[in-house]
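Written below as structure tokens is the structure these notes are about.
The values are calculated or read from the model by the stated rules, or taken from the named source; none is laboratory data. In this text the structure is predicted, and so the values were computed from the model without any measurement. Glycine also receives a Cβ, built like all others from the backbone with ideal geometry; neighbour counts cover every protein chain displayed. Protein only, heavy atoms only, side chains kept; ligands, DNA and RNA dropped before computing areas. Shrake-Rupley method; radii C 1.70, N 1.55, O 1.52, S 1.80 Å.
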Amino acid sequence: LCRGGLAERLCRLQNRERSAISFWRHQCLSDDKIPSDKSGVLIVRILEIFEECTIQVAICQQLEQSPAALSPEDAVVNAEEPVLKVLFTRETAAHLKSRPRDVIHIYPPWQKLLLQNADVPVIMNTYFSQKVLRSEHSEAREKTYGLTKMLIRKNIISLAQTFSLDDVNDKLHQESSDNQVPCAPQTHNNGDSKRNPLAPSAVNDSLLEMVESQGAVGWREVQVQVVIQRVYCLPAREGYRSHTPGSKPLLSNGGMFCRLCLLVQDAYGMFSEVQLQSLSSADDVEQYCRRWEGKSCCLAGMKILQRTTRGRALGLFSLIDSLWPPVVPVKVPGQSQDSEMMTTNLPPPSFCYILTVQSGEIHVEVDEEEQISNLYQPPAVHGLKEILRIDGCNERCSFWAQVLYRRLQTKHSVPIDQREMLLFVTDSTLQNVAHGIPKVVAVSVTASCVLSMEIMEALSAGSQLVFFKDALWGNGRIICVERTVLLLQKPLLCSAAGADLSELTGPVRLDELDSTTQASSICALRGTVVGVNESTAFSWPTCNRCGNGKLEVCPQDRELLYCNQCSEVVTTPVLKMQLEVFLSCPSRSQSTVKVKVWLEIRAALFVLLTMLLFLQTYEVQSVLGKEVGLLSCYVLSITSHPNCVVLEEIVLL
């Protein structure tokens, strides 16, 4: 807010007002209910209550100043006083919990507004109000009423009706008994609406209208019909890690709790992100994507967690921008909803409401039998070659690729569950290119990208075809961030846009090391051995069954090795060796190329012991001048002073 501007002054005034109201109510409770000062107090008895534009309107009759001993039931009605229309805000009404026949004391500074062509004065500024309970009969009646739900009539008046733009076919603006809703909050399950007579019957199609009419407290009595555009998981914050007792958290990404989220869109094109706290089942996210994406659903029992803007949530709005403009014409607020008045020539959304449920129950009713909505935009699948040619920044992209190698970024100061992971992928569009475009692309998976256990286990088992949905492309990198989903199966609905999505048939080719090779990439290496760094060479025996590298001497026979993990004697261990070899490469003739080579030698125990004893006297001259074929290597670093390239031999998945 601009310093000294009207908005800042209004914000300060509202904060002082809220503080004054809270302090006054606390003082009333401390002073045992009723303030002693009665000067300027307006005493009214409620005759009727209804709600209009989130304001509770009470039709009241003013009472004469009665003695302190006189009960509210015996108070004298002043027939000469006109009937008053008293306005209470949502917060004040929730504090009073008023009913017909209740007596309310309204303390200054209340104001009376006289309207033209209206006989009933309006009482405003009623923040300092208190219900009077003086007799035991009144307290007993209040306790009895507190256990029952009272229906309040709601007059739904839209801006279209105010400006005479309402549609004659719009039945939401008609006053009926269906608009009567309970004061007390309710929760609805996925099948309770048919059995519960108080279940919401009016379904709206505008998220913004619901937010404006219901406020941030929650949608207790209405439903909003939306289309599920995307289903994904977000890492749960510390405050949201608690879940319903007896249920399991949906996913865990290295011990990190996650929440299932929906990106929904209404008939006006507005988006909202719905964050669900818990699920009744532990199905994988992939199942929810298949069952829910593209379907219409009704939201109920929601509350606003946050109103975010483009500048504060770049990741969310990059996903929204990929779904804009809508594929079908959307409605325009305030205009007639005839088909010829609908248009898609609208600016992209600049804000978005983050919604969450009010309790641990699910308030999303999805009709899985319904056909896919016309408003749904499936992910547009492109080949990696086409993605690398995109000029924009922070563009969402979806592709189908073969994962060749994965590597966890080793930053010792960062916990393991917060480290990034690199996935090196390729597809037919890259393998079939002769020159100019790399044959393998690195995809950075950030810690905020939630990976299912199925994906983690599949990548550990070997090379996999993985569908990357809504990854982020920018500055020459593909990044999996929040709201990116990795799947093992291609979605049922996706648009290929003419891309070549054929699977790989022959062996995978890597780019050879040359002057364009960058650090943190993989390449193929060939050259001649010109030296071996003997000072850094080391070896160790490992178990041939489990790969345990911490073998011990067998207690029964000290000539044998023993594995604690297998609890068995190791007779044919695997000798692992690491050597730093210097190569002469024609493609990098001006650089010193150093490769960390891993060797595995399977031998009998006496041969292994002999090699370990005479390792220091190993004849280095026997490997010098040897030609090295195409090695798969990971580039650790590239420096110009000195001109050196450090690589590590790897094994592709």
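With respect to SER521, determine if the residue is crowded, with 17+ Cβ neighbours inside 10 Å, small (Gly, Ala, Ser) and modelled with pLDDT of 85 or more. Criteria met by SER521. Among the residues of the stretch 292-308, not one is under 13 Å from GLN265 (Cβ atoms), open to solvent by 10 Å² or more (accessible area, probe 1.4 Å) and at pLDDT below 90. No other residue among ALA236, ALA267, ALA282 is modelled with pLDDT under 75 and surrounded by 19 or more Cβ atoms within 10 Å (Cβ to Cβ) apart from ALA236. Being open to solvent by 10 Å² or more (accessible area, probe 1.4 Å) and in contact (Cβ under 8 Å) with a residue 60 or more places away in the chain is the filter here, so list the residues in the stretch 452-469 that pass it. Scanning the stretch 452-469 gives SER452, MET453, GLU454, GLY462, SER463, GLN464, LEU465. Counting only residues that are open to solvent by less than 60 Å² (accessible area, probe 1.4 Å), in a loop (DSSP other than H, G, I, E, B), at pLDDT 75 or above and touching an Asp or Glu at 6+ places or on another chain (Cβ under 9 Å), the stretch 322-348 holds 1 of them. If you take the residues of the stretch 415-429 that are surrounded by 22 or more Cβ atoms within 10 Å (Cβ to Cβ) and either in contact (Cβ under 8 Å) with a residue 60 or more places away in the chain or in a helix (DSSP H, G or I) (or both), which of them is farthest from the chain's Cα centre (by Cα)? Out of the qualifying residues, it is ASP427. With the requirement that a residue be in a strand (DSSP E or B) and either open to solvent by less than 30 Å² (accessible area, probe 1.4 Å) or in contact with a helix residue (DSSP H, G or I) (Cβ under 9 Å, 6 or more places away or on another chain) (or both), what does the stretch 548-588 give you? If the condition is that a residue be in a strand (DSSP E or B) and either open to solvent by less than 30 Å² (accessible area, probe 1.4 Å) or in contact with a helix residue (DSSP H, G or I) (Cβ under 9 Å, 6 or more places away or on another chain) (or both), then LEU561, CYS563, VAL570, VAL574, LEU575, MET577, GLN578, GLU580, VAL581, LEU583 are the ones that fit. Within the stretch 524-535, if we keep just the residues that are touching a residue at least 40 places away in the same chain (Cβ under 8 Å) and open to solvent by 50 Å² or more (accessible area, probe 1.4 Å), the residue that is nearest to the chain's Cα centre (by Cα) turns out to be ARG526. Taken over the stretch 626-647, the residue count meeting the criterion of being under 27 Å from LEU459 (Cβ atoms), surrounded by 14 or more Cβ atoms within 10 Å (Cβ to Cβ) and at pLDDT below 90 is 1.
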